[in-house]
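S.K.: Okay, here's the structure, questions in a sec.
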Amino acid sequence: MRRIQSVDRSLDILEALANSDRPMGVSEIGKQLGIHVATTHGILATLLSRGYVEQGEGTNRYRLGYKFYQLARLYINKCDLHQAALPHLHDLRTALGERVSLATLRNFDIVFLIVLDSYHLLRLKPNVENSTRIHCTAIGKVLLAFQPTSDIEYYLEHTELVRYTANTIGDKDAFLKHLEEIRAQGYALNEEEEIEGVFGIGAPVFYSNGFLAGAVSTAIPTERLDRGLIPEKIDLVVNTARLITRELGVVTIKERG
């Protein structure tokens, strides 16, 4: 399939801005991407006129524009998964009192569709258990575990399993075995594997054709966690995933136990 260079460059610029933690200048973007400054400036001018990028007041630096928020909202509102999951996630948050999330996996990036925060005054930071780290979060592990074997192998070949805590699984053979356990039991746990003091539970949601649609998760501060109630909390998360799956047309998901 023939690729359009100007479109590729426009998308490269947008992705560079999305991945930057601060606004970027024209020369900086061009140098990073290997695009001539004049070409970079022309693309940015077009994107600016359409609302896809914006400039900070009094600066010549660029960041993503409001148009992306509009498109994201349109995408989410038209997403069957989002519509099917939202009422059940509200029920799950009510039952747990903790943050709950719904996410999908796109090119090994975790994309969050819904995040409902905890009712408690003491809350986790926004990025906790809502990060894009696959191998050490409950939602990331469950999303990966139910991918095709070839995709799992590709991920492990191209990813370093960084150890963030003493509980992070950093060995690839051990991680593969762990994914098998997740598939067998139908859920994943995060036992303080990304951040000390954070416990997570994740469970898969499937489409009617049996393919993975996404995953439901919760994150709980360990100081608020009654470990004797963990099985009950697992059941709540797994049952929520099962209900969403049924909304999407699947009636048979393996029961726990």
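The values are calculated or read from the model by the stated rules, or taken from the named source; none is laboratory data. This structure is a prediction, so every number in the text was calculated from the model and none was measured. In this analysis, Cβ positions are derived from the backbone assuming ideal geometry, glycine residues included, and neighbour counts consider all displayed protein chains.
S.K.: In the list Glu160, Glu153, which residue meets the criterion of being within 22 Å of Gly214 (Cβ to Cβ) and surrounded by fewer than 18 Cβ atoms within 10 Å (Cβ to Cβ)? Walk me through how you get there before you give the answer.
M.R.: Details: Glu160 fails: within 22 Å of Gly214 (Cβ to Cβ).
It is Glu153.
S.K.: A further question on this structure: Has segment 22-32 got at least one residue that is assigned to a loop (DSSP other than H, G, I, E, B), among the basic types (Lys, Arg) and out of contact with any strand residue (DSSP E or B) (no Cβ under 7 Å at 6 or more places or on another chain)? I'd like the intermediate steps shown before the answer.
M.R.: Residues of segment 22-32 assigned to a loop (DSSP other than H, G, I, E, B): 22-23, 25.
Filter again for among the basic types (Lys, Arg), leaving 22.
Next, from what is left, pick out any that are out of contact with any strand residue (DSSP E or B) (no Cβ under 7 Å at 6 or more places or on another chain): 22.
The answer is yes; a qualifying residue exists.
S.K.: Additional query: I'd like to verify a number: residues in segment 52-96 that are surrounded by 14 or more Cβ atoms within 10 Å (Cβ to Cβ) and on the phi > 0 side of the Ramachandran plot, how many?
M.R.: Qualifying residue count, segment 52-96: 0.
S.K.: Out of the residues in segment 80-132 meeting the condition of being under 15 Å from Thr218 (Cα atoms), out of contact with any Ser or Thr (no Cβ under 6 Å at 6 or more places or on another chain) and of a type in the set (Lys, Arg), tell me which one is modelled with the highest pLDDT.
M.R.: That would be Arg93.
S.K.: Condition first: part of a helix (DSSP H, G or I) and of a type in the set (D, E, K, R). Can you find one or more residues in segment 51-58 that meet it?
M.R.: No: segment 51-58 contains no residue that is part of a helix (DSSP H, G or I) and of a type in the set (D, E, K, R).
S.K.: Can you tell me how many residues in segment 16-27 are exposed (fewer than 12 other Cβ atoms within 10 Å of the Cβ) and either free of Cβ contacts under 8 Å to residues at least 24 places away in the same chain or more than 18 Å from Arg50 (Cα to Cα) (or both)? Break it down stepwise before answering.
M.R.: Narrowing segment 16-27 to residues exposed (fewer than 12 other Cβ atoms within 10 Å of the Cβ): 18-19, 21-22.
Still in the running and either free of Cβ contacts under 8 Å to residues at least 24 places away in the same chain or more than 18 Å from Arg50 (Cα to Cα) (or both): 19, 21-22.
Qualifying residue count, segment 16-27: 3.
S.K.: Given the conditions (1) at pLDDT below 95; (2) more than 23 Å from Phe112 (Cβ to Cβ), report the number of the one that Thr245 does not fulfil.
M.R.: For Thr245, the failing item is (2).
S.K.: Quick one: how many residues across segment 196-252 are among the hydroxyl-bearing types (Ser, Thr, Tyr), within 22 Å of Gly140 (Cβ to Cβ), touching a Gly at 6+ places or on another chain (Cβ under 6 Å) and in contact (Cβ under 8 Å) with a residue 40 or more places away in the chain?
M.R.: Filtering segment 196-252 down to residues among the hydroxyl-bearing types (Ser, Thr, Tyr) leaves 207-208, 217-218, 222, 240, 245, 252.
Pick out the ones that are also within 22 Å of Gly140 (Cβ to Cβ) and you get 207, 217-218, 222, 240, 245.
Then keep just the ones that are touching a Gly at 6+ places or on another chain (Cβ under 6 Å); that gives 217, 222.
After this cut, where a residue has to be in contact (Cβ under 8 Å) with a residue 40 or more places away in the chain as well, the list is 217.
Adding up the residues that qualify gives 1.
S.K.: Mind counting the residues in segment 1-15 that are of a type outside the set (Ser, Thr, Tyr) and exposed (fewer than 15 other Cβ atoms within 10 Å of the Cβ)? Can you show your working first?
M.R.: So in segment 1-15, the residues of a type outside the set (Ser, Thr, Tyr) come out as 1-5, 7-9, 11-15.
Then keep just the ones that are exposed (fewer than 15 other Cβ atoms within 10 Å of the Cβ); that gives 1-5, 7-8, 11, 15.
Looking only at that region, the number is 9.
S.K.: Identify the single condition in (1) touching a Cys at 6+ places or on another chain (Cβ under 9 Å); (2) touching a residue at least 60 places away in the same chain (Cβ under 8 Å) that Glu193 does not satisfy, given that it satisfies every other one.
M.R.: (2)
S.K.: Using beta carbons and a limit of 6 Å, which pairs, at least six apart or on different chains, have the first residue in segment 52-66 and within 12 Å of Arg22 (Cα to Cα) and the second one of a type in the set (Val, Ile, Thr) and surrounded by 17 or more Cβ atoms within 10 Å (Cβ to Cβ)?
M.R.: Listed by first residue and then by second, the contacts come to Tyr62/Val53.
S.K.: Which of the residues that make up segment 28-45 are without any contact (Cβ under 8 Å) to a residue 24 or more places away in the chain and of a type in the set (Val, Ile, Thr)?
M.R.: The first filter runs over segment 28-45 and keeps only residues without any contact (Cβ under 8 Å) to a residue 24 or more places away in the chain, leaving 28, 30-32, 34, 36-38, 41-42, 45.
Residue satisfying the conditions is Val37 alone.
S.K.: Something else: Among Leu102, Leu92, Leu113, which is the only one that is touching a Cys at 6+ places or on another chain (Cβ under 7 Å), under 28 Å from His135 (Cβ atoms) and touching a residue at least 24 places away in the same chain (Cβ under 8 Å)? Break it down into steps so the answer makes sense when it comes.
M.R.: Working: Leu102 fails: touching a Cys at 6+ places or on another chain (Cβ under 7 Å); Leu92 fails: touching a Cys at 6+ places or on another chain (Cβ under 7 Å).
Of the residues listed, the single one that is touching a Cys at 6+ places or on another chain (Cβ under 7 Å), under 28 Å from His135 (Cβ atoms) and touching a residue at least 24 places away in the same chain (Cβ under 8 Å) is Leu113.
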